[in-house]
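Asks: The following block contains the structure, expressed as structure tokens.
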Amino acid sequence: MNKKSFELNVDTGGTFTDCISKDSEGNFLRRKVLSNGSIRGSIIHWDNKLELKIKEQWKLENDILAGYTFQLLNKKHPDIKIVSFDTDSKVLKLDKPLPENLEGLKAGFEL
């Protein structure tokens with residue numbers, strides 16, 4: 001029987017949290033995330049207000065973000081949840097449309 005292990009080290013700072021893991025084969029994986037638990041990306045374009053083509057560097061699995069809250073940076077709006085995220089196409093699908101008033105929108109968001 002193969003015994004598998006996973007070692008995880010986390011250093012939480014005021015702004016960023018550094019995560020370093022090592023699997024049983026000795027492979028390392030490093031991630032830096034915001035300490036408040038959010039991750040950020042940029043909107044490249046949207047064909048409709050329910051599907052966004054985004055730019056990100058998260059290296060996540062498909063649909064792992066389903067159910068997370070989507071928030072436009074510097075905008076107040078009702079809660080919007082993520083329905084799905086396709087890592088190949090970089091398309092993020094939302095459960096509600098983006099707000100109508102997007103003047104001055106910075107092309108950024110956080111989850």
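The values are calculated or read from the model by the stated rules, or taken from the named source; none is laboratory data. Worth saying up front: this structure is predicted, and the values here are computed from it rather than measured. Cβ sites come from the backbone with ideal geometry, for glycine too, and all protein chains shown count toward neighbours. Remember, those area values only see protein heavy atoms, side chains included, never the ligands or the DNA or RNA. Shrake-Rupley method; radii C 1.70, N 1.55, O 1.52, S 1.80 Å.
Asks: Check Ile44 against each of (1) at pLDDT below 85; (2) assigned to a strand (DSSP E or B); (3) open to solvent by 30 Å² or more (accessible area, probe 1.4 Å) and name the one condition it does not meet.
Replies: For Ile44, the failing item is (1).
Asks: Of the conditions (1) open to solvent by less than 30 Å² (accessible area, probe 1.4 Å); (2) modelled with pLDDT of 80 or more, Val83 clears all except one; give me its number.
Replies: Here Val83 clears every test but (1).
Asks: Could you grab me the full set of residues in region 1-41 that are open to solvent by 100 Å² or more (accessible area, probe 1.4 Å) and either over 17 Å from the mean Cα position of the chain (by Cα) or within 23 Å of Ile82 (Cα to Cα) (or both)?
Replies: Met1, Asn2, Lys3, Lys4, Phe6, Leu8, Glu25, Phe28, Lys32, Asn36, Arg40
Asks: Just one of (1) at pLDDT 80 or above; (2) in a loop (DSSP other than H, G, I, E, B); (3) exposed (fewer than 12 other Cβ atoms within 10 Å of the Cβ) trips up Lys96, so point out which.
Replies: (3)
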